[in-house]
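Worksheet: one structure, shown below.
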Amino acid sequence: MTGWVEKLDTVAHSSGSLVCVGLDPDPRRMAISDVAEFNRAIVDATKDLVCAYKPQLAFYEALGMDGLLALEKTISHIKNVAPDILLIGDCKRGDIGSTAAAYARAMFDVWDFDTVTLHPYLGSESIEPFTERADRGAIIVCRTSNPGAAELQDLKMTDGGVEGTLYEHTARLASQWNTRGNVGIVVGATYPGEMAELRGQHPDMPFLIPGVGAQGGDVEAATRAGVNTEGRGVMISSSRGIIYASEEEGKFAGAAREAAESLRDQINEAREMKS
């Protein structure tokens, strides 16, 4: 049975792309009002340029039942036209075991995501329901790109003989939870130095890297810090920078394609420089 990490590696190799497009519909910025049709146009314009799509569930939940129906249509369309591309549920769940099990059923059996983002604050019991299936898995929030990340993630560990920062300890836990080879971590592009250290400590774990584009992360630095020895192992995510490259009805899909292609090329140039 092929897991999501193998699926990622296969599509990254075949497509020559490490780009992940975040599908975050905002009615205030969308060029057309129909969320499902907006996403369909973005997917059709970019599906040969990316390795993953990442719907952020909050944007769909905020639109009520119409948003959830649009998510359903979006996932169905991706599965139909680009079945080899990784589908990430950006839900950032994290709760006690019984609730986590229900969340896992929702994310995998209802929405059919390949993998999902999770907060690890409740420990292993909140993660296990998502990793017990070899064909699915989890991406653990570890070192995020937002300005407030340091308030918790930079805290120094002084108890129980644990050394380093909280984000480093989180990465170590994620590695311990990775017994089925289906766990990755989130590492923000705005911290390439920390990312390079984490890659050195965890050479085989895949990284989801948000923070390029609108958040200001440097594509070249993040790529060179994050890729594994084979020049892959990362998903460099851009949402607003791609899907809102144009907010004009007749131009948004083409502009999204140009933005995705530009990001792919920047990443590949950085990969070549590192090799």
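The values are calculated or read from the model by the stated rules, or taken from the named source; none is laboratory data. No experiment lies behind these values; they were computed from the predicted model shown. Neighbour counts run over all protein chains shown; Cβ positions are idealised from the backbone, glycine included.
Couple of notes before you dig in:
- Total residues in region 217-228 satisfying the condition of being farther than 17 Å from Cys142 by Cβ, part of a helix (DSSP H, G or I) and in contact with a strand residue (DSSP E or B) (Cβ under 9 Å, 6 or more places away or on another chain): the figure is 2.
- Hits in region 118-165 (condition: modelled with pLDDT under 95 and among the aliphatic types (A, V, I, L, M)): Ala134, Ala149, Ala150, Leu152, Leu155, Met157, Val162
- For the condition closer than 19 Å to Lys47 by Cβ and surrounded by fewer than 23 Cβ atoms within 10 Å (Cβ to Cβ), Glu247 does not qualify.
- Considering region 113-216, the qualifying strands (runs of 3 or more DSSP E), each wholly inside and each with 3 or more residues that are touching a residue at least 40 places away in the same chain (Cβ under 8 Å), run over 138-143, 183-187.
- Wholly enclosed helices (runs of 4 or more DSSP H) of region 1-111 bearing at least 3 residues without any contact (Cβ under 8 Å) to a residue 40 or more places away in the chain: 35-46, 57-61, 64-81, 97-104
- Any hit, region 241-260, residues being under 17 Å from the mean Cα position of the chain (by Cα), in contact (Cβ under 8 Å) with a residue 40 or more places away in the chain and within 23 Å of Asp154 (Cβ to Cβ): no
- Condition met for Gly97 (within 24 Å of Ile185 (Cα to Cα) and among the small types (Gly, Ala, Ser)): yes
- Scope region 229-275; condition farther than 18 Å from Gly211 by Cα, small (Gly, Ala, Ser) and in a loop (DSSP other than H, G, I, E, B); matching residues: Gly231, Ser246, Gly250, Ser275
- Residue identified as out of contact with any Ser or Thr (no Cβ under 9 Å at 6 or more places or on another chain) and aliphatic (A, V, I, L, M) among Leu198, Leu263, Leu208: Leu198
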